[in-house]
Every structure is written in structure tokens, then in C-alpha cells.
Amino acid sequence: MDSLNRMALELIEEAIDFTDELAIDVRELDNGATVLDFGHRVPGGVEAGLLLAEIQTAGLATVQTRMDTVADAPIPQVELTTDRPALALLCSQTADWEIQREEFEGLGGGPARALAAEMEIFSRVGYADEFDFGVLAVEADESPTEAAAAEIADRAGIEPNSLFLPTTPTASLAGSLTVAARAGELAAVRLTDLGYDPLDIRSVSASAPLAPVGESEASALGRTNDALAYGGRVHMTVAEEFDRFDELPSTATDEYGTPFEQIFESVGWSLTDLPSELFAPAQLTVDVVGGSTHVLGETNEGLLADSFDL
């Protein structure tokens, strides 16, 4: 398997070549790290978000939009499909790197995680990356600082001048789109957390509505997570039966039916205090090769309409 970071770097080069067309910006920090702004000081947009979602999955997923409706209102749906879910979703896209350096806080996801290969999922998949350059997508209120870049580079085992940081706030078009592209990742993470072999997940196709950009990061976090928990739909093809498929959708949680902004407020916006099973898509079909097809959960357009202020 080729390096995830090598494949993502090709997409980074594409972004740099088309900054004007994508309405993004590129700047170099004093320590040589390169920050690609997809929505902080620039508009970004849907096309920028599509490319950023591809970067997060190291180019191993197809990401696109199509028009659909939420409560009869035309709303784009973000669709992602991958036949390499263990690598694209679990070893790359998952945003589980907490970045805290001086006054900067953010979440990182992308192939640079595979350079460190710290999480248990990498040993379960049997993959760790070796490459001189690293790409980590950072979701944060503000653009990454030099200190934050230095911390990420150290963790990835590379020099800061070999690090590329595409970044966006949640309250942006690109931010809203890349969160919507995570429906399949949430399902894959939840399934493997329940004990399923990640290598038995053969293919994942998913969609979620593109949440309207929130007026603040808090509003955006609520809306984008509602889009997944109440509008996210996933189809998974897997190799083996499992007796816990029914625990995959958001309908299986005690908090189902509560808008995420209320859930976040209840824990003082300390997201690490929330149970991981809370982050799940609304509805799934799990197709076992040569076996049963399980249909689980349901969408909730009424809650989405309220969340999106339709």
C-alpha cells in the first residue's frame, strides 16, 4: 500500500495550484509549516470542502454532492464512497487528535495520524505510514499557530517544514461539508469500537445533509452533528455477521431526539465528557456478504428542520 501521506500530498499540491478558483489561501509559518486556509480568513466553498474531504481520506474516497430535500426544502447532500474504509476512514479521516498548545485548541484528522500510529486501530488494521511529509486537517476556531504546528510535527515524527495543515472552522461552507462527509466514518468507528474486525468492513457509502453555516462555532457544531445523527445514512458491506449491529445508529442512544447544541451545553462544551456512541449516523443498512441485510435506525427530518431553522 502506498503512503497515505504521499497520496494526500498530491491533493495538497492541487489545492495550492488552484487557490484562486477554490477561494482558499496558503501561507507559511515561521517554522516552515504550510497552512492552507479553507474558511478562516477566506470564503472557501463547496468545491473547497469536497477537496478537503478527499485530503482527509488520503484520496481513497469519492466525495460529491447532490440535491435532495430536508422537510421539503432543497438541501445538498454530501456523499462519500470508499472501498478501502479501514485506511480511508479509520486510519486517515478520523478526527481524534486533540491539539492544545498555548492558546490554540483544535481537532486534527487525516493521514498524519498514521505517521504516529498511536491509536489501537492502527495495530488492528496493521498499518503505519512512513513518509517524510505529513498532512493533518485541523478543525478549529482559529488558524493553527506556529506552536501548534510544532507540536503536530513532533507527534508525527517529521520536521515542521514538512508539515501541511489544511484548516477550517466548523462555521464555514467547507467545515460544514467535511463534517457531513463523516457519516460513514462514524459508522465504521462505532462498529470497530464494538469489537468488529475493521478489515471485515469491505465497502462504505454514506450521505448526510449539508448543514447551513452557523452564526457561531457553537451553532455550527450543533447543526453539523445534528445533520449526522438525524440525517446521516450509511450503507456498509461487511464480511461477517455480528450480534451488535443494532447498536450502530443514533436511535440506539439514550440522548436520541435531543439537539446536539443542548447536549454540548449540558457538559459545558467539554466534548470529551460525552460517550463516543453518541456520535453515530441516523440510519444504516449493513449488508453481510452471503448473509443477512440489516436495516437499522431512522432519520428525523422534523428535528433537522428545527436545527437548520428551515
Specify the residue that is surrounded by the fewest Cβ atoms within 10 Å (Cβ to Cβ); the eligible residues are those in segment 286-310 that are in a strand (DSSP E or B) and free of Cβ contacts under 8 Å to residues at least 40 places away in the same chain. Thr293
Matching residues in segment 1-32 - criterion: being buried (at least 18 other Cβ atoms within 10 Å of the Cβ) and part of a helix (DSSP H, G or I): Leu4, Asn5, Met7, Ala8, Leu9, Leu11, Ile12, Ala15, Leu22
Taking only segment 263-285 into account, find how many residues are outside any loop (DSSP other than H, G, I, E, B) and modelled with pLDDT under 95. 10
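Can you name the residue in segment 153-181 that is assigned to a helix (DSSP H, G or I) and touching a strand residue (DSSP E or B) at 6+ places or on another chain (Cβ under 6 Å) and is also nearest to Glu215 (Cα to Cα) among such residues? Steps first, answer last, please.
Going residue by residue through segment 153-181, those that are assigned to a helix (DSSP H, G or I) are 153-156, 160-162, 173-180.
Subsequent filtering for residues that are touching a strand residue (DSSP E or B) at 6+ places or on another chain (Cβ under 6 Å) retains 153, 156, 174-175, 177, 180.
Numbers: Ala153: 32, Ala156: 34, Ala174: 15, Gly175: 13, Leu177: 16, Ala180: 18 Å.
Residue satisfying both the conditions and the ranking: Gly175.
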Within segment 128-139, restricting to residues that are part of a loop (DSSP other than H, G, I, E, B) and among the acidic types (Asp, Glu), the one that is nearest to Thr224 (Cα to Cα) is Asp129
Being surrounded by 18 or more Cβ atoms within 10 Å (Cβ to Cβ) and in contact with a strand residue (DSSP E or B) (Cβ under 6 Å, 6 or more places away or on another chain), is that true of even one residue in segment 252-266? no
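Looking only at segment 187-232, count how many residues are charged (D, E, K, R) and under 26 Å from Pro169 (Cβ atoms).
Taking segment 187-232 first, the residues charged (D, E, K, R) are 190, 193, 197, 200, 202, 215, 217, 223, 226.
Then keep just the ones that are under 26 Å from Pro169 (Cβ atoms); that gives 190, 215, 217, 223, 226.
Summing the residues that are charged (D, E, K, R) and under 26 Å from Pro169 (Cβ atoms) in segment 187-232 gives 5.
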If Ala150 passes every condition in (1) free of Cβ contacts under 8 Å to residues at least 60 places away in the same chain; (2) under 26 Å from Ala15 (Cα atoms); (3) among the aliphatic types (A, V, I, L, M); (4) not in a strand (DSSP E or B) but one, which one does it miss? (1)
Restricting segment 87-127 to residues that are of a type outside the set (A, V, I, L, M) and part of a helix (DSSP H, G or I), the residue that is surrounded by the most Cβ atoms within 10 Å (Cβ to Cβ): Ser92
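The values are calculated or read from the model by the stated rules, or taken from the named source; none is laboratory data. Being a predicted model, the structure only gives us computed values, none of them experimental. Don't worry about glycine lacking a Cβ; one is built from the backbone with ideal geometry, like all the others, and counts go over all protein chains shown.
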